[in-house]
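Structure record follows, encoded as structure tokens.
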Amino acid sequence: MDMKIKIAQDLLKIKAVFFRPEEPFTWASGIKSPVYCDNRLTLTAPEVRNDVENGLVELIKTNFPEAEVLMGTSTAGIAHAAICGHLMGLPMGYVRSGSKDHGRQNRIEGKLSSGDKVVVVEDLISTGGSVIDVVEALRDAGAEVLGVVSIFTYGMQKGLDRLRDAKVENHSLTDFDTVAQVAAETGYVKPEDVARLIAFRNNPSDESWIGK
């Protein structure tokens, strides 16, 4: 089975991705969204977790075979980076959203040497801002960031443009379009709702899809 479809099925099965086009969720940014994604739930579902971690390992081996260190995003990417690091026999660490205000005031936790070839492990990508911030922190520390692997991406144009401009290569296990299609095929949403979901993906700031 295609990896994107398998992971989409997994996420829907445990309601890590939850569609509610009739009653949109409101993001912190104020954007109304027909979907809520909580990939932390994969950690408490062993079968799904196994699929996710093996999938991430395969993405790393296929796209970034020179990887020497895995770095998780704080906090959602930390566990996935740790598990993948264990499976691959690679060192791992993580990058805080900001420096600590005590102790050594580290932002990057774990040993990282200048020139290390790093892959960032993220749970999901929407507009790309947070993962780009992590990549830039690692680059500032002297790391060679090969790219990013993630569980899920919305595929929003803003995110794609920002990643491209920052020269950040991302590979995701599945994406919004695949999950929406699988959701329709398995009865999680009505087939006619797929167009509304894709309209949101295409332009999150345009709320004309609501109520259609």
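The values are calculated or read from the model by the stated rules, or taken from the named source; none is laboratory data. Being a predicted model, the structure only gives us computed values, none of them experimental. For the accessible areas, the whole protein counts, side chains as well, though only heavy atoms, and no ligand, DNA or RNA atoms are used. Shrake-Rupley method; radii C 1.70, N 1.55, O 1.52, S 1.80 Å.
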message: Give me the strands (runs of 3 or more DSSP E) completely within region 1-82, filtered to those with at least 2 residues that are modelled with pLDDT under 95 and open to solvent by 10 Å² or more (accessible area, probe 1.4 Å), ordered by residue number.
response: 17-19, 35-37
- prompt: Taking G147, is it at positive phi and at pLDDT 95 or above?
  reply: yes
